[in-house]
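Below you'll find the structure, written out as structure tokens, and then a few comments.
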Amino acid sequence: MAIMITDECINCGACEPECPNTAIYEGGVEWTWGGGTELDEVELEDGSSVDAEEPQEPVSDEFYYIVPAKCTECTGFHEEPQCAAVCPVDCCVPDPDYEETEDELMEKKAWLHGE
């Protein structure tokens, strides 16, 4: 299950540097597939491809957000999601819309980092 940041976020930014996948971005900031990964090109669900460095629309304009497709819950890096561990207001929580097994999270980690 990916992690999500709730609207209780106080925009402190403590979570962003902790993410080993660069899946966390400040509200209103565009994100890329390539940031923090080894990806060059990504095939999207609709079958189209996108350059990994092409800016993507922000998930939130108001507070920090996590790109679910880049979140591995720190699996393979740490024993627990680091964003949740450092969040002073406990707003980094499991995202019920993105449930994944540990094996799926490890596969995602390998995909993101070219392993």
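Worth pointing out:
- Matching residues in region 68-115 - criterion: being more than 19 Å from GLY36 (Cβ to Cβ) and touching an Asp or Glu at 6+ places or on another chain (Cβ under 7 Å): VAL89, CYS91
- Checking SER49 against (1) buried (at least 17 other Cβ atoms within 10 Å of the Cβ); (2) out of contact with any helix residue (DSSP H, G or I) (no Cβ under 7 Å at 6 or more places or on another chain); (3) among the small types (Gly, Ala, Ser), the condition it does not meet: (1)
- When ALA14 is tested against the conditions (1) more than 15 Å from VAL67 (Cα to Cα); (2) exposed (fewer than 15 other Cβ atoms within 10 Å of the Cβ), the lone failure is (2).
- Tallying residues that are over 18 Å from LYS109 (Cα atoms) and either among the small types (Gly, Ala, Ser) or at pLDDT below 95 (or both) within region 14-44 yields 3.
- Segments classed as strands (runs of 3 or more DSSP E), wholly inside region 1-98, with at least 1 members that are under 21 Å from GLU115 (Cα atoms) and in contact (Cβ under 8 Å) with a residue 12 or more places away in the chain: 49-51
The values are calculated or read from the model by the stated rules, or taken from the named source; none is laboratory data. Not measured: the values here are computed from a predicted model. Cβ coordinates were reconstructed from backbone atoms using ideal geometry, including for glycine residues, and neighbour counts include every protein chain displayed.
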